[in-house]
Amino acid sequence: MKLLVTGGAGFIGSCFVRMALREKHAARVVVYDKLTYAGNLENLQPVAGRPEFRFIQADILDGNAVESVLHEESPDAIVHFAAESHVDRSIHSPAPVIETNFNGTFTLLEAARRFGLKRFLHVSTDEVYGSIPEPLDADENYPVRASSPYSASKAGSDLLALSYFTTYKLNVTVTRASNNYGPYQFPEKLIPLMISNALDDKPLPIYGDGLQVRDWLYVEDHCNAIFAALEKGSPGEVYNVGGNCSLPNIEVVRRILNAAGKPESLMTYVTDRPGHDRRYALTNEKLTRASGWRPQMDFNEGLAATIQWYRDNRDWVARVKSGEYQRFYELNYTSRS
Ligand SMILES: NC(=O)c1ccc[n+]([C@@H]2O[C@H](COP(=O)([O-])OP(=O)(O)OC[C@H]3O[C@@H](n4cnc5c(N)ncnc54)[C@H](O)[C@@H]3O)[C@@H](O)[C@H]2O)c1
């Protein structure tokens, strides 16, 4: 299979590309990525020299560039990861998030429809369901009730993608995954931020009371779920992808400190995020039934492996943390403590 992977220089997309080539899920992989602050060619270093791999720096909002690559490469499928992926950024500055996540997806769908693409896998998030009251777990029929500009942009792009199946019979499948963690994650999301601060003996800023519950999914488990959905998923369907590991944020932070051998006195509380969802929880049963996929990674083991990766790759962290990220950190944490 030949794959065109948008956002393939980001955290999850680059893991997917490394796995696709390492485990021979694909005969050719073309990464299409704008290289925003979150895109990093270093994440693709392990596959950079391979003849089956090509990198194109371009914006998904550029319809002409998308059409040219479709004609040049004739991929069997687009796997669409490219997005502005951070909720806090979407609160401070929603416009680029709506542009990339909604209009960018629209541009890709239009190009795919005109080209007659065989398969379109749209990577989405459980955040589209909004906060889920206990004891419910969202299945794929749970109402979409997004709370932030980020989750609303993803919900809108999910519906648009599904409409291309209903209206134009474009072979679209949507996956909705829970919170990912693992190596190469930009240190603005909870786990890599807390690991990176813990390793530097800096305060670990916890939003509000820290009792927001998230389901944690190891990034390689997520990528295997996407391979499963690509290979066994049905057109026009949505598949949830969860890690079967629900934990309050504060418990995640305690486990990080414990595993990194750092004191709990590093925890500090900052003002909560506006509209912060209290609880995400989802069931994976539909994807398991369709493909046999199940998450494999135990959370404590995945966390230990992730901490070890950040210990071993402090230069990578230092490089991605310089510049633009520093300004974002100050806006989000320093000015709200
Ligand atoms: N991180 C999570 O926990 C999580 C959970 C569920 C779903 N998702 C979804 O998975 C996808 C990937 O998430 P991630 O955490 O790897 O994100 P990321 O922020 O690490 O990477 C996003 C990538 O998209 C690229 N990009 C951004 N705007 C672009 C544009 N206009 N044109 C081309 N490329 C562009 C960036 O350069 C970057 O390489 C996103 O669609 C996200 O909504 C993420």
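Annotations
- Rounded to the nearest 5, the antiparallel percentage of DSSP beta bridges internal to segment 131-280 is 20%.
- Tilt relative to the chain, helix 219-232 - C-alpha long axis, 0 to 90 degrees, to 10: 20 degrees
- Acute angle (nearest 10 degrees) that the helix 63-73 long axis makes with the longest principal axis of the chain, alpha-carbon atoms: 70 degrees
- Residues whose amide H falls under 5 Å from that of residue 177, counting only those 5 or more places apart or on a different chain, are 124, 125, 126, 241, with hydrogens built in the peptide plane.
- In sequence order, segment 303-316 has phi-based couplings of 5, 4, 5, 5, 4, 4, 4, 5, 5, 7, 10, 5, 5, 4 Hz under the Karplus curve 6.51 cos²θ - 1.76 cosθ + 1.60, θ = phi - 60°, and Gly or Pro positions carry x.
- Share of carbon and sulfur in the accessible area of segment 272-325 stands at 45%, probe radius 1.4 Å.
- Solvent exposure of the chain as accessible area per residue, Å², 1.4 Å probe: 40 Å²
- Anisotropy class of segment 24-109 from Cα gyration tensor, a/c 1.5 cut: oblate
- From most to least packed by mean Cβ count within 10 Å, the peptides 149-159, 84-94 give 149-159, 84-94.
- Phi angles across segment 273-289 convert, under the Karplus curve 6.51 cos²θ - 1.76 cosθ + 1.60 with θ = phi - 60°, into 3J(HN,Hα) values of 5, x, x, 5, 5, 7, 8, 10, 7, 8, 10, 9, 4, 5, 5, 5, 5 Hz, Gly and Pro given as x.
- For residue 206, nonlocal amide neighbours, meaning residues 5 or more places apart or on other chains whose placed amide H falls under 5 Å from its own, are 268, 269, 270.
- Charge context of residue 267, other residues only, Cβ under 14 angstrom, K/R +1, D/E -1: 0
- Phi-derived couplings, Karplus 6.51 cos²θ - 1.76 cosθ + 1.60 at θ = phi - 60°, listed residue by residue for segment 178-192: 8, 5, 8, 8, x, x, 6, 8, 4, x, 10, 7, 3, 5, x Hz, with x used for Gly and Pro.
- Scanning residues 5 or more positions from residue 147 or on other chains, those with amide H under 5 Å from its amide H are 130, 152, with H placed 1.01 Å from N in the peptide plane.
- Estimated 222 nm signal from helices in the chain, with DSSP H stretches of n ≥ 4 weighted -39500 (n - 2.57), rounded to 500: -12500 deg cm²/dmol
- Bridge type composition, the chain - antiparallel percent by DSSP, nearest 5: 10 percent
- For segment 107-162 versus segment 3-55, the spacing of their alpha-carbon centroids is 23 Å.
- Local charge for residue 292 was computed over the other residues whose Cβ lies under 15 Å away, with Lys and Arg +1 and Asp and Glu -1, and equals +1.
The values are calculated or read from the model by the stated rules, or taken from the named source; none is laboratory data. As the structure is a computational prediction, the values presented were derived from the model and not from experiment. For neighbour counting, all protein chains shown are included, and Cβ atoms are generated from backbone atoms with ideal geometry for every residue, glycine included. The protein model used for the area step is the full one, side chains on, heavy atoms only, and it has no ligands, DNA or RNA in it. Shrake-Rupley method; radii C 1.70, N 1.55, O 1.52, S 1.80 Å.
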